[in-house]
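Q: A single structure is presented below for examination.
The values are calculated or read from the model by the stated rules, or taken from the named source; none is laboratory data. Keep in mind it's a predicted model, so treat the numbers as computed, not measured. Neighbour counts run over all protein chains shown; Cβ positions are idealised from the backbone, glycine included.
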Amino acid sequence: MFKKILIANRGEIALRVIRACRELGIASVAVYSDADARAPHVREADEAVNVGAPPSAESYLKGDRIIEAAQRLGAEAIHPGYGFLSERDWFARAVIDAGLVFIGPSADAIAAIGSKTAARQLAIGANVPVVPGTTEALRDSADARAVADKYGYPVLLKAAAGGGGKGMRLVRAANEMDAALDTARREAKNAFGDDAVYVEKYIEGPRHVEIQILGDQHGTMLSLNERECSVQRRHQKMIEEAPSVAVTPGLRRAMGDTAVRAAKAAGYVNAGTCEFLLDRDGKFYFLEMNTRLQVEHPVTELVTGIDLVQWQIRVAAGERLPFKQDDIVPHGWAIECRITSEDPANAFLPSTGTISYLHLPSGPGVRWDGGIEVGSEVGLFYDPMLAKLIVHAPTRDAAVDRMHRALLELTVEGVESSRDFHLRVMEDAEFRVGAIDIQWLERRLDSLLHVEPPAETKRTAALVAALIADRDRQAPKRASSASATSNDSTNAWTRVARLEGIR
Ligand code: MV4
């Protein structure tokens, strides 16, 4: 086993990896930018190295500097977390060339899976169902129309080098093709430096269901079953759960076997994820493969009982997986909410500031994977995800109730957060029964943001507002005009109640 690992990341995922290291008796090295000198991951690691200025391009993306730090401090392996350098094949290669271990798949596997058209070809070769469409880049719009006629409208244009929805364009009829192809090419060129675009048949109203896989270096490749990730906005997932209400035991086996076949065909080792669209008829289609640990890995950990980060480290050190596929049975239900510093009432605009107060949920079945504390500065340099709140309970109903309870316990002050938005989702009747697809959140957003607060909250808010008004009448010079006189929005009332009443 390794004696020391460098973690090429920040925030909650750096802390998550530090925790795994500590449990395995491995020393941890953090890296940090000037903006993160006092961040929790720097304090919690055994050692820490400054790698540059606040912008990611000048610190967390400086692969050479990070590798040099690992060598200098005697780390034997690098864990990339997610985002930043985690899916850059050149970084994985540079780590190996420096005589270190990259905790993840091989550089060649990352490169092969990174191209969407190459991944589709690989999937087809492994008898993995893909969405009907091409595996070659389109030549021109006449070519595109000919292909679309073959599969039938609507079709989607997708960037060959892409992923995550960039360079994607829906085409409903032939007369839209020219303009859509131009736009898709321009977006693809800007985002990936490659304007190659291909065509897929458009699948209407599917779910996003993904399979977690885990493989060792001795030929064992396992499916750790599905996660349901349909609740997302503009390709940003907001809520994930495991298992999925749409997946029967038979479908779970079929999707798991498929994901394992795709991973083996790619020569994959370590943890990875196969993304699928699951249509209304229960048919599934391979979309793409993510060659990293994912943000939502905790829901899989809670229902399988397998510590994914520990096993990433252990298989990277050459250990064998001791599990058999039949041992992996989901237990209960897990839900994760991504708590972000975004203002749902204001089009999810990122909010900045200093965390001035923080009360964390706890109690039965509650897990907080966070990267913030009181005093943390939340700026615009990095991702707005502050933490993940994850719950585990025997059934989906109990998990939704538990998440609602845990969100009620959570207070974040100093920045706007998605907490109230997540509460509204837990109260939503459609979410409650799992009637969700990839368009559900955007369809439902307006009504979610304009619900009446519960009677209990309004009563508390009214009481507190009356007390403040009374205080202000007695001491007019100390009056805070903002709180006592605002009567236009229930938000201001609930904020007053939370600030003054509950604390
Ligand atoms: C699709 C699709 C419908 N039909 N492909 C979005 C990002 C990229 N990973 C693939 N995406 C989609 N591909 C076909 N043929 C719908 C989406 C899609 C989506 C997929 C997963 C999760 C959320 C999504 C939101 C909008 C569109």
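Q: Which one of the conditions (1) under 24 Å from Thr304 (Cβ atoms); (2) in contact with a Ser or Thr (Cβ under 7 Å, 6 or more places away or on another chain) does Val366 fail to meet, given that it meets all the rest?
A: The one condition Val366 does not meet is (2).
Q: Which of the following residues is touching a residue at least 24 places away in the same chain (Cβ under 8 Å) and crowded, with 22+ Cβ neighbours inside 10 Å: Ala196, Ala148, Ala174?
A: It is Ala148.
Q: A follow-up question, please. State all residues of segment 443-462 that are assigned to a loop (DSSP other than H, G, I, E, B) and farther than 22 Å from Asn346 by Cβ; if no residue qualifies, say none.
A: Pro454
Q: Return the residue satisfying two criteria in turn: it lies in segment 81-102 and is within 15 Å of the chain's Cα centre (by Cα) and of a type outside the set (Ser, Thr, Tyr), and of such residues it is nearest to Gly318 (Cα to Cα).
A: Step by step, filter segment 81-102, then rank; the result is Gly81.
Q: Looking at the structure I just gave you, is Ile113 β-branched (Val, Ile, Thr) and touching a helix residue (DSSP H, G or I) at 6+ places or on another chain (Cβ under 7 Å)?
A: So Ile113 passes the test.
Q: May I ask you to list pairs of residues, at least six apart or on different chains, whose Cβ atoms are under 6 Å apart, with the first in segment 157-169 being over 23 Å from Ala142 (Cβ atoms) and near the ligand (Cβ under 10 Å from one of its atoms) and the second being assigned to a loop (DSSP other than H, G, I, E, B) and not basic (Lys, Arg)?
A: That search, which allows pairs on different chains as well, returns Gly164/His235; Gly165/His235.
Q: Provide a single number: the residues in segment 248-285 that are within 14 Å of the ligand (Cβ to nearest atom), assigned to a strand (DSSP E or B) and not polar (S, T, N, Q).
A: Number of matching residues: 7.
Q: Among (1) at pLDDT below 80; (2) touching a Pro at 6+ places or on another chain (Cβ under 9 Å), which single condition is Ala461 missing?
A: Going through the list (1) at pLDDT below 80; (2) touching a Pro at 6+ places or on another chain (Cβ under 9 Å), Ala461 breaks only (1).
Q: Could you tell me how many of the residues in segment 47-72 are surrounded by 20 or more Cβ atoms within 10 Å (Cβ to Cβ) and over 17 Å from Gly83 (Cβ atoms)?
A: Adding up the residues that qualify gives 4.
Q: Within segment 171-190, does at least one residue satisfy the condition of being over 27 Å from Ala242 (Cα atoms), within 11 Å of the ligand (Cβ to nearest atom) and at pLDDT 95 or above?
A: No, there is no match, as no residue in segment 171-190 is over 27 Å from Ala242 (Cα atoms), within 11 Å of the ligand (Cβ to nearest atom) and at pLDDT 95 or above.
Q: Going residue by residue through segment 220-227, is there one that turns out to be in a strand (DSSP E or B) and within 16 Å of the ligand (Cβ to nearest atom)?
A: yes
Q: Which number in (1) buried (at least 20 other Cβ atoms within 10 Å of the Cβ); (2) away from the ligand (no atom under 12 Å from the Cβ) marks the one condition that Arg139 misses?
A: Of (1) buried (at least 20 other Cβ atoms within 10 Å of the Cβ); (2) away from the ligand (no atom under 12 Å from the Cβ), only one is false for Arg139: (1).
Q: Taking the options Gly133, Gly125, name whichever one is of a type outside the set (Lys, Arg) and within 13 Å of the ligand (Cβ to nearest atom).
A: Exactly one residue qualifies, and that residue is Gly133.
Q: Please enumerate the residues belonging to segment 20-59 that are under 24 Å from His297 (Cβ atoms) and in contact (Cβ under 8 Å) with a residue 60 or more places away in the chain.
A: Ala20, Cys21, Glu23, Leu24, Ile26, Ala39, Pro40, His41, Ser56
Q: Turning to a different aspect of this structure: Would you be able to tell me the number of residues in segment 287-310 that are among the charged types (D, E, K, R) and not in a loop (DSSP other than H, G, I, E, B)?
A: Count: 2.
Q: Quick one: would you say Val245 is away from the ligand (no atom under 16 Å from the Cβ), closer than 20 Å to Gly332 by Cβ and at pLDDT 95 or above?
A: Judged against the criteria, Val245 is a match.
Q: Determine, yes or no, whether Gly205 is of a type in the set (Gly, Ala, Ser) and either within 13 Å of the ligand (Cβ to nearest atom) or buried (at least 16 other Cβ atoms within 10 Å of the Cβ) (or both).
A: yes
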